[in-house]
1. Filter region 271-286 down to the residues that are touching an Asp or Glu at 6+ places or on another chain (Cβ under 9 Å) and outside any loop (DSSP other than H, G, I, E, B) and list them by number.
2. Can you find a residue in region 406-428 that is within 19 Å of residue 325 (Cβ to Cβ) and at pLDDT 95 or above?
3. Can you name every residue in region 166-191 that is without any contact (Cβ under 8 Å) to a residue 60 or more places away in the chain and under 18 Å from residue 21 (Cα atoms)?
4. I'd like to verify a number: residues in region 59-92 that are of a type in the set (S, T, N, Q) and under 23 Å from residue 177 (Cβ atoms), how many?
5. How many of the residues in region 218-250 are outside any loop (DSSP other than H, G, I, E, B), under 16 Å from the mean Cα position of the chain (by Cα) and either of a type in the set (A, V, I, L, M) or within 20 Å of residue 438 (Cα to Cα) (or both)?
6. Given region 77-184, what helices (runs of 4 or more DSSP H) lie entirely inside it while holding 2 or more residues that are exposed (fewer than 14 other Cβ atoms within 10 Å of the Cβ)?
7. If you take the residues of region 415-439 that are touching a helix residue (DSSP H, G or I) at 6+ places or on another chain (Cβ under 8 Å) and of a type in the set (A, V, I, L, M), which of them is nearest to residue 253 (Cα to Cα)?
Amino acid sequence: MRLLLMPDVFISYSRRNLEFVQQLVDALKMRGKDPWFDQLKEPLSGIVVGAPWWKEIQHGIENSDNFIFVISPNSISSPYCHAEINYAREHGKRLLPVLYCGWIGEGETRRAIDAVIEAIPDDEELPGSVTSRILNLKKLVRENWLAISEIQYVIFSSSIAFEQSLEQLIQALDLDLAWVRMHSQIVQAAKLWEASGFDDDFLWRANRLKPVYEMIERRSPELDTLVQEFIKPEQDQLLRELENPKTSHLRRREIGERLEVIGDTRSGVGLRSDGLPDIVWCSVPRGEIALEEPIRERGAIVGKEDLGIFPVEQFHIAKYPITYIQFQAFLNTPEGFENRVWWQDLDGECHEQVMKEQHFKFNNHPRETVTWYQAVAFCNWLNAKLPRDAWPSGTEANWLIRLPAEWEWQLAATGGDLNRLYPWGRRDDSRMNCQVSGIGRTTAVGMYPHGGSPVGALDMAGNVREWCLNEYKNPKNVSLCGKEQRVLRSGSWIDPIAICTDRYQLAPTSRGYAGGFRVCVGAALFSR
């Protein structure tokens, strides 16, 4: 919405043409326009007595949608007019030239203007009472005149009826008025943002940017660099804030919630255009993992139990845990959760389980309150439905989308380094959502980009524990049958810490609001 009482047009002129300009101002007012004219001693429409005149002129230009320059031999040599034109151009104002010929013709007026420009001394400077990025008057005049000459002007002369010229000017003022006003507001807001030292509090939010994008899509205008940066989507602003390691835990939670409201456009978080989950894959090179069970006393690790060496072939793992909206795609389609084909390799009664509600129901949060069986069924469905062009490059024909085995999960989290307790290295509570964050629940996935693993996967420490394929007591057993407890990895928002080697166990029929899963693509570890 446009601010009340803001002027439609700023008028720049030479005092020697005051009589004509006064006539023009009166006529514009009669036609419903609100011109800014320095002779009007009114707030927002002119210079109030006692006010600093150059500041008032700057404010008048900033607040006006259009800028009329009354061209005459007198105004073309005026340093004050050219300082005003320069300021208007810097603020992206629409220039509307008015060629005032008076009693002489257009050609004679143009020749007189050219002569005046040539007569300006090469060393003449603008007066110190005005500001301009170019202080040499002749250089500034030539630059401004070049810009003005590219715009069709309206001629006012004794040989043309005043009302006829006025009608042309009114039509020019009304042309594409919605965009002119919007552009004026954008440029002014961008300048304020720049003056603030690029404080994010001055940026426009998604609801205010939406009509700007719609208008830009229709018009494809040229925008300067400052405006382009200013109107970047709010999502970009928020993601930039996440990249700052000093951003607090609570702010990260807020950013995730805001992204959910305005639309989380990150790849790997939502759905593809066909309604299937959009997965970003991280390549994990082959290696080997020594599985160990930490032995704890009163919360402290006092030893380790060796569980064996596990070779790992190359595979690909999802960058994020499966999100709520991605799992909902499985639940909502008739070919998803209710289709028994995705459950046929599992124990018979597993399909009879009722799907529990998500505890923290945000589209971009990890899906929690899901059993191991339900996670496996999701993988079976996605394996069958996701087009091959959405699989990672280099995928072999016999590979599957499935849950990772815990040794695969650990290789993706640590890069195979047994001494790496956290995906990024040493303990740093600012990089994960666990108990010490104080958030007290899950966050949107990927809120800790500085907490990535060596392969680029996020949330491999904290947020939710993640189901793995194998059994807990007998890690080598990756069969889809059996009721033995399965492994979860990662640690979660309720855990005091989230170490990469920590192992949790839960029955495949059980679930909780601290547990979720992520998928991988790799060779089959089990037979169907």
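The values are calculated or read from the model by the stated rules, or taken from the named source; none is laboratory data. Computed from a prediction, not measured in an experiment: that's the story for all the values here. Reconstructed Cβ throughout: ideal geometry from the backbone, glycine too, with neighbour counts over all protein chains shown.
1. Going through region 271-286, the residues touching an Asp or Glu at 6+ places or on another chain (Cβ under 9 Å) turn out to be 271-272, 284, 286.
Once the filter is applied, which keeps residues that are touching an Asp or Glu at 6+ places or on another chain (Cβ under 9 Å) and outside any loop (DSSP other than H, G, I, E, B), region 271-286 yields 271, 284.
2. Within region 406-428, not a single residue is within 19 Å of residue 325 (Cβ to Cβ) and at pLDDT 95 or above.
3. Scanning region 166-191 gives 167, 168.
4. So the answer is 3.
5. Looking only at that region, the number is 6.
6. By residue number, 106-119, 137-149, 162-174.
7. 439
Here's the yes/no breakdown for (1) more than 23 Å from residue 24 (Cβ to Cβ); (2) among the aliphatic types (A, V, I, L, M):
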residue: 118; (1), (2): yes, no
residue: 130; (1), (2): yes, yes
residue: 146; (1), (2): yes, yes
residue: 153; (1), (2): no, no
residue: 159; (1), (2): no, no
residue: 164; (1), (2): no, no
residue: 172; (1), (2): no, yes
